[in-house]
Amino acid sequence: MKTVFNGIMKNKWTKLAALAIAALWSGPTVQAQAPHPERIYLSGTGIDNTKTWEFFCSGGQNSGKWKKIEVPCNWELQGFGEYTYGRWYKAGLKNPSMEEGKYEYAFSVPASWKNKQISIIFEGSMTDTEVKINGLLAGEIHQGGFYRFSYNITDKLKFGGKNKLEVRVSKHSANKSVNGAERRADWWLFGGIYRPVYLEAKPQINMERIAVNAQADGKFSADIFITSLPQNYTLKASISPLIGNEKFDSKTIKLQSGVTAQHITTEWLGVKNWNTEEPNLYQLKLELLNEKKEVVHVYTERIGFR
């Protein structure tokens, strides 16, 4: 069965086009992966897979007392707070609903994670979000409801024992520009932790994020944001096509010690370009190697040369 893509009847490119669009909309920053990824979900993984937390809502329905709530999910959908439409000011209202939600959850961290770097990751929370681990602030209050944020909480955890997570979410942001972009639009305004929350363990030496420039002629450069490195660390870079069996040589690049922002350049000849008619994608794999040539950390990303 044929599918219309950019106004032209296609069939063999449908799967590849979908992969391309998903990759290009995902942005340059991706989740770091250890050689053997370790993750613990504190919430469920989605609306059909949730976990029960303690919850207190400051106003509206079911407010003023601690109750149970499922996470992830907006609190209005579970009978808390007030519904407000984004054009509330058109109705002559002085303010939208501005309740706060307080969440609490107890969790354990394996003793085997003691020598790793542990981050708590929120995939999305509306809107201003304050996070505490065992009574200590994880970091600055996050503002903005539509993107992922994380904190390094390694020094705040009790390894091998119970820990307490406290999250305070303000439905209305203290940031005027955030409210202008997110809270005054033509949609319903919701509050709460509506995407998954999880812990991720990485090696103490790791790649935090990358920014890639892959050009049509095969020239490749990337900024690697990384922890401070000892001497004689290298980066092994390789690519493989998402569809097809072309083989490309891996590239080994020497890294600078004591530098947290590394810039690398290399080149792969014979790559197929990404465009709307032929959206060729490659899986980029970056392996961080120590002085013994052992893999310390692995980072993967889908890229297109264009």
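The values are calculated or read from the model by the stated rules, or taken from the named source; none is laboratory data. Note that the structure is predicted; figures quoted are calculated from it, not measured. Positions of Cβ are backbone-derived with ideal geometry, glycine not excepted, and every protein chain shown enters the neighbour counts. SASA here: full protein model, heavy atoms, side chains in, ligands and nucleic acids out. Shrake-Rupley method; radii C 1.70, N 1.55, O 1.52, S 1.80 Å.
Of the listed peptides 166-172, 141-147, 78-84, what is their order by residue-averaged count of other C-beta atoms within 10 Å, with the highest listed first?
Ranked by mean Cβ neighbours within 10 Å, highest first: 166-172, 78-84, 141-147.
Enumerate by residue number the GluC sites (Glu not before Pro) in the range 230-306 meeting two conditions: DSSP loop (anything except H, G, I, E, B), and at most 16 other Cβ atoms within 10 Å of the site's Cβ.
Passing both the DSSP loop test and the Cβ count: E246, E277, E291, E294.
Per the 1.4 Å probe, what fraction of the accessible area of the chain, in percent, lies on carbon and sulfur atoms?
Heavy-atom surface of the chain belonging to carbon and sulfur, 1.4 Å probe: 50 percent.
Does the range 120-253 come out rounded, prolate or oblate by the C-alpha gyration tensor, with a ≥ b ≥ c the root eigenvalues, rounded set by a/c under 1.5 and, if not, prolate when a/b is larger than b/c and oblate if not?
Cα axes put the range 120-253 in the oblate bin.
With Cα extents along the principal axes in Å in mind, check (i) 63, 54, 35; (ii) 60, 58, 34; (iii) 86, 53, 39 and report the label derived from this structure.
Here Cα extents along the principal axes in Å agrees with entry (i).
On average, how much accessible surface per residue is there in the range 38-157, in Å², for a 1.4 Å probe, leaving out ligands, DNA and RNA?
49 Å²
Under 1.5 on a/c is rounded, so check that first for the range 105-194, then, if it is not, pick prolate when a/b is larger than b/c and oblate when it is not; a ≥ b ≥ c are the square roots of the alpha carbon gyration tensor eigenvalues.
Taking the square roots of the gyration eigenvalues as a ≥ b ≥ c, the range 105-194 is prolate.
Could you compute the net charge surrounding I253? Neighbours are other residues with a C-beta less than 12 Å from the C-beta of I253; K and R count +1, D and E count -1.
Net of charged neighbours comes to +1.
Pick out, from I224, I210, L199, the residue whose Cα sits farthest towards the positive end of the charge dipole of the chain, with +1 on the Cβ of Lys and Arg and -1 on the Cβ of Asp and Glu.
Result: L199, furthest along the dipole toward the positive end.
Which trypsin sites (Lys or Arg not before Pro) in the range 63-155 sit in a loop by DSSP (not H, G, I, E or B) and have at most 11 other Cβ atoms within 10 Å of their own Cβ?
Of the trypsin sites (Lys or Arg not before Pro), the ones in loops of the range 63-155 whose Cβ has at most 11 other Cβ atoms within 10 Å are K65, K94.
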